[in-house]
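Taking it in order: structure first as structure tokens, then the write-up.
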Amino acid sequence: MRILFEKTKTHLAGVFILSAFCLGLGGAVQAETSSPPKTLVDEAAIDTIRDWLKNAVVEISIVAQNKKYGSIAQSEVDTLDKQWRAERDKEDQPLIATTLSSPLSNYLTQIQAASGGLFTEIFIMDAKGLNVGQSAITSDFWQGDEAKFQQTFPNGAGAFFVDDPEFHEATKTWRTQVNLTVSNTDNLPIGAVTVEYNLTELARRRE
């Protein structure tokens, strides 16, 4: 079940609690049969993301890319996305390298590292849904056709969307993507952010 919460115009009022579930895994217990203890992605978790989004590098980077790509046609967006996908399998990666070496990507990488395993992926998008900065290489460059963007930026300042939990087989952990509209200092939407939470680690910290 997908859970969507969107703040109203008085988005600072009230408390929004988002319930997500992760499975408690132990020994050889399989994901399908284990009991799902409750964990919360609550207002405090959302505010944690909003706090580090206040760093000036976030707004500066998004605004610059909105100016760069703001007037391009969808066909050009598709071309950039295809280039990104193709570069993932090549040694020469000009588009990927430019994005990953940006000040914003460096900042997001530091945020993820400082989280101690709580955040497993972070990326920020511009007003078209194109990546501006990220902590690791994503599968695509354009997120505009996905719920993470469509359920946030078009819905204005304060909107956020928590996706369904998914089990990560390699690490035996449950994860979910928390997505928010990114606004400027005037509270006007300029882009969006996706933060993948390690729900297993979050549940451990809440014990």
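Odds and ends about this structure:
- Qualifying positions in the stretch 36-54 - at pLDDT 90 or above and basic (Lys, Arg): ARG50, LYS54
- Sole residue being surrounded by 12 or more Cβ atoms within 10 Å (Cβ to Cβ) and either at pLDDT 95 or above or closer than 22 Å to PRO189 by Cβ (or both), chosen from GLN74, GLN83: GLN83
- Considering only residues in the stretch 139-185 that are of a type in the set (Ser, Thr, Tyr) and over 13 Å from the mean Cα position of the chain (by Cα), the one that is nearest to ARG88 (Cα to Cα) turns out to be SER139.
- Residue match in the stretch 107-128 (condition: among the hydroxyl-bearing types (Ser, Thr, Tyr), over 29 Å from ASP89 (Cα atoms) and assigned to a strand (DSSP E or B)): no
- Looking across the stretch 44-85, the residues that are assigned to a helix (DSSP H, G or I), under 25 Å from SER139 (Cβ atoms) and free of Cβ contacts under 8 Å to residues at least 40 places away in the same chain come down to ALA64, LYS68, GLN74, SER75, GLU76, THR79, LYS82.
- SER101 being of a type in the set (S, T, N, Q), surrounded by fewer than 18 Cβ atoms within 10 Å (Cβ to Cβ) and either modelled with pLDDT of 95 or more or within 20 Å of the chain's Cα centre (by Cα) (or both): yes
- Any hit, the stretch 123-132, residues being at pLDDT below 95, farther than 20 Å from ASP51 by Cβ and not hydrophobic (A, V, I, L, M, F, W, C): no
- Single match in ALA192, ALA159, ALA147, ALA170 (criterion: small (Gly, Ala, Ser) and either at pLDDT below 95 or more than 21 Å from ALA45 (Cβ to Cβ) (or both)): ALA170
- Looking at ARG204, ARG175, just one residue is surrounded by fewer than 23 Cβ atoms within 10 Å (Cβ to Cβ), assigned to a helix (DSSP H, G or I) and either modelled with pLDDT of 90 or more or on the phi < 0 side of the Ramachandran plot (or both), and that residue is ARG204.
- In the stretch 178-200, the residues that are part of a loop (DSSP other than H, G, I, E, B) and within 24 Å of SER105 (Cβ to Cβ): ASN184, THR185, LEU188
- Any hit, the stretch 143-158, residues being in a strand (DSSP E or B), touching a residue at least 40 places away in the same chain (Cβ under 8 Å) and crowded, with 16+ Cβ neighbours inside 10 Å: no
- Taking the stretch 86-116 as the range and being aliphatic (A, V, I, L, M), farther than 16 Å from VAL193 by Cβ and in contact (Cβ under 8 Å) with a residue 24 or more places away in the chain as the test, the residues that pass are LEU95, ILE96, LEU100.
- Pairing residues of the stretch 117-141 that are more than 16 Å from VAL178 (Cβ to Cβ) with residues that are assigned to a loop (DSSP other than H, G, I, E, B) and among the acidic types (Asp, Glu), at Cβ distances under 6 Å and at least 6 apart in sequence or on separate chains, gives VAL132/ASP126.
The values are calculated or read from the model by the stated rules, or taken from the named source; none is laboratory data. Just so it is clear, the structure is predicted and the values come from calculations on it, not from any experiment. Every residue, glycine as well, gets a Cβ built from its backbone with ideal geometry; the counts of neighbours run over all protein chains shown.
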